[in-house]
């Protein structure tokens, strides 16, 4: 069931319950901290805004996005691209576009039904959307690329794309995000948006509140919603594995071990690369002597075995 106005008696079939106070509604303005520095980022934002890609937090059967303003073209991407034409870019790190989300507390859109996500009064949405768009056009007359209204999530909200271009004294457009979105300007934006919505009974949020510094990607859903999740039970620590000592081997097997005689040198023997030439010569003579003894014994073995058999 799609999320629609209260008069239709419908709401999200899968909407989550949210808790909100009955206090006066607040104006909500979020500037995304992720700054678009490439056209691909703007294209991704445009695709999300126009619902051209799956959006898990949105109702797939909800209302389509309502395009309220485009500087040019048919999509936010095309509008932003139009405003970027001819604007000087300092380097690769220059910010091309900023995304802003405008909304209000759920108590404004559905008074008395704050916990019913996806429900709203159509008349209140129209009044808020008109006031928000008028304020955005006054704030960014030459920078506002697009304004798109979303009604398929928990609370109505509007996505803005703003190209931070500033005209220089010579009449040339230059991209300068800090000139429009530094800390002081962000504070002024909060105050100005609250004043624009004051005739609707909506006031500015409390300065320095935790909700004021939330990111756009954490906004999706009811504004200032709190979801109580059960704490995960702490599992006891896993028992430490006891290392078993290898079974003892007979002395004969240990003496024949390749690892013992092949790869592990004697502790009291010096490394081969530290032996003197004289020492190396003695080792070679000893090895040749041992080989001669073994060969002599091997040659005598058949004769000794024959004499032993005759004696038997």
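The values are calculated or read from the model by the stated rules, or taken from the named source; none is laboratory data. Since we're looking at a predicted model, the values are computed, not measured. Note that we place each Cβ from the backbone using ideal geometry, even for glycine, and neighbour counts take in every protein chain shown.
At-a-glance table
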item	result
Residue within the stretch 119-139 that is in a loop (DSSP other than H, G, I, E, B), at pLDDT 95 or above and under 30 Å from residue 175 (Cα atoms) present	no
Condition check for residue 174: touching a strand residue (DSSP E or B) at 6+ places or on another chain (Cβ under 8 Å), touching a residue at least 12 places away in the same chain (Cβ under 8 Å) and surrounded by fewer than 17 Cβ atoms within 10 Å (Cβ to Cβ)	yes
Extreme residue, modelled with the lowest pLDDT, among residues of the stretch 23-54 that are in a loop (DSSP other than H, G, I, E, B), surrounded by fewer than 17 Cβ atoms within 10 Å (Cβ to Cβ) and touching a helix residue (DSSP H, G or I) at 6+ places or on another chain (Cβ under 9 Å)	23
Condition met for residue 102 (outside any strand (DSSP E or B) and closer than 18 Å to residue 136 by Cβ)	no
Residues located in the stretch 67-80, provided they are within 19 Å of residue 37 (Cβ to Cβ) and in contact with a helix residue (DSSP H, G or I) (Cβ under 7 Å, 6 or more places away or on another chain)	76, 77, 80
Any hit, the stretch 178-197, residues being outside any helix (DSSP H, G or I), surrounded by fewer than 17 Cβ atoms within 10 Å (Cβ to Cβ), modelled with pLDDT of 95 or more and in contact with a helix residue (DSSP H, G or I) (Cβ under 9 Å, 6 or more places away or on another chain)	no
Candidates 102, 175, filtered to the one that is touching a helix residue (DSSP H, G or I) at 6+ places or on another chain (Cβ under 7 Å) and modelled with pLDDT of 95 or more	102
